[in-house]
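The values are calculated or read from the model by the stated rules, or taken from the named source; none is laboratory data. Remember, it's a predicted structure, so these values are computed and weren't measured experimentally. Cβ placement follows ideal geometry from the backbone for every residue including glycine, while neighbour counts extend to all protein chains displayed.
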Amino acid sequence: MQIKMINSMAQVDRLAWNHLAGEAYPFLRHEFLSALEQSGSVSEQTGWLPAHLLVMKDDELLAFMPLYLKSHSRGEYVFDHQWAHAYHQSGLDYYPKWLTAIPFTPCQGARLCVKDTGDRLEITRLLLAFIKQLSEQQDASSWHCLFPDLQQTELLRSLGLGIREGVQFQWFNKGYRDFNDFLDTLNAAKRKMIKRERRKVDEQGVELLRITGKAASAQQWQVFFQFYTMTYLKKGSQPYLNEAFFQQLAATMGDRLLLVLAVKDKRYVGAALSFIGNDTLYGRYWGCYEEYNALHFEACYYQGLDYCLEHGLQRFDSGAQGEHKISRGFEPVSTYSAHWLKDARFAKAIEQFLAREQQAIQIYKQDAASYLPFK
């Protein structure tokens, strides 16, 4: 086996990459990662230098792992700013660091894709040794793998990496016939709340349109991007993604995109974008110019639930944070990240920190579950 590093998705065959990536998880597709790079949303200038690792055997792609050299911690959703501050206080540099993640995407999934004939443990061990060697050459402080699936988390744990646990809120389809069937499983107060929120949207004269990315017009994509940008501007920051990224996605994987548009008086007033997996809907982006009562819940959650129920999807991963999701039937689930630090002293200190944090996370997760609205 040989390891090859590439700094552009254009350097790897699309079909070979997608064959290993599979169909279930849209964010590892060649088209998605290429759109990030070709739009300039991911680049050395934005602090995300691509350095993807390919494992080759007999000139065939045996495995791959996305990798970036990071000069900051923005857009990751696993927060290590305190670690960087501690490094700085000790006179050490935390950046650059190596990162295996999907940029700006806190959704669990595979982070190492291996051909069926490959030995996952052997390949993971080989890649980890390669990254440690790179860290010496590039003077990088560490390697972090964000939001891997549980199987890969346990594999990395077995190789001695520190595992950090987090919590997100996700909805699961328990064989519901339709939205009303789902509502019937909730207690009376929360059932009335959701019905009232959906009714308020209708009473304000707001209509919701659900269309695939492939069917959306260029003008509708422009409208969506304006709403997406507004979400960041309201917080005083610039968006991570640009319009070229979304235009390219619409052209290359539009059938994997679900666009929800809110319309009032023949004018678009809000929009939400989700990604469609084989059995999961991934809610990702939302924006509006002005606030309408309960519109965020309708566009971002209830329309997504309707779509899952109509198309037989089993899970709705609505992204990071959002305790308000609990009362709407989204259950707390564990997410993970894996961490290796070159400096032995900091590695030990962070290991102790993760052990303490994990206890607090378990208490938080149990507490959140106690507020679920099910009968």
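Does at least one position in region 130-138 carry a residue that is at pLDDT 95 or above and in a loop (DSSP other than H, G, I, E, B)? Among the residues of region 130-138, not one is at pLDDT 95 or above and in a loop (DSSP other than H, G, I, E, B), which makes the answer no.
Quick check on region 214-223. Is at least one of its residues modelled with pLDDT of 95 or more, among the hydrophobic types (A, V, I, L, M, F, W, C) and in contact with a helix residue (DSSP H, G or I) (Cβ under 7 Å, 6 or more places away or on another chain)? Yes, region 214-223 contains at least one residue that is modelled with pLDDT of 95 or more, among the hydrophobic types (A, V, I, L, M, F, W, C) and in contact with a helix residue (DSSP H, G or I) (Cβ under 7 Å, 6 or more places away or on another chain).
Between Val263, Val223, the distinction of being outside any loop (DSSP other than H, G, I, E, B), crowded, with 17+ Cβ neighbours inside 10 Å and not assigned by TED's automatic domain parsing to the domain that holds Leu99 belongs to Val223 only.
Go through the residues of region 155-178 one by one and say whether even a single one is in a helix (DSSP H, G or I), surrounded by 13 or more Cβ atoms within 10 Å (Cβ to Cβ) and charged (D, E, K, R). Yes, some residue in region 155-178 is in a helix (DSSP H, G or I), surrounded by 13 or more Cβ atoms within 10 Å (Cβ to Cβ) and charged (D, E, K, R). When region 201-242 is filtered for residues that are within 17 Å of Phe179 (Cα to Cα) and either of a type in the set (D, E, K, R) or under 22 Å from the mean Cα position of the chain (by Cα) (or both), the ones remaining, listed by number, are Asp202, Arg210.
The residues of region 91-101 that are surrounded by fewer than 20 Cβ atoms within 10 Å (Cβ to Cβ) and touching a residue at least 40 places away in the same chain (Cβ under 8 Å), listed by number, are Leu92, Asp93, Tyr95, Pro96. Go through the residues of region 351-372 one by one and say whether even a single one is closer than 30 Å to Ala84 by Cα and touching a helix residue (DSSP H, G or I) at 6+ places or on another chain (Cβ under 8 Å). Scanning region 351-372, I find at least one residue that is closer than 30 Å to Ala84 by Cα and touching a helix residue (DSSP H, G or I) at 6+ places or on another chain (Cβ under 8 Å), so the answer is yes.
Filter region 192-216 down to residues that are under 17 Å from Thr252 (Cβ atoms) and not basic (Lys, Arg), then give me how many there are. Matching residues across region 192-216 total 4.
The selection criterion, being over 27 Å from Ser39 (Cα atoms), in contact (Cβ under 8 Å) with a residue 24 or more places away in the chain, small (Gly, Ala, Ser) and out of contact with any Ser or Thr (no Cβ under 8 Å at 6 or more places or on another chain), does not hold for Gly75. Out of all the residues in region 187-196, is one or more buried (at least 21 other Cβ atoms within 10 Å of the Cβ), of a type in the set (A, V, I, L, M) and not assigned by TED's automatic domain parsing to the domain that holds Phe353? Taking every residue of region 187-196 in turn, at least one turns out to be buried (at least 21 other Cβ atoms within 10 Å of the Cβ), of a type in the set (A, V, I, L, M) and not assigned by TED's automatic domain parsing to the domain that holds Phe353. The number of residues in region 350-374 being farther than 30 Å from Asp184 by Cβ and either in contact with a Phe, Trp or Tyr (Cβ under 9 Å, 6 or more places away or on another chain) or not in a helix (DSSP H, G or I) (or both) comes to 2. Of all residues in region 9-55, those being farther than 24 Å from Asp149 by Cβ, surrounded by 14 or more Cβ atoms within 10 Å (Cβ to Cβ) and over 21 Å from the mean Cα position of the chain (by Cα) number 0.
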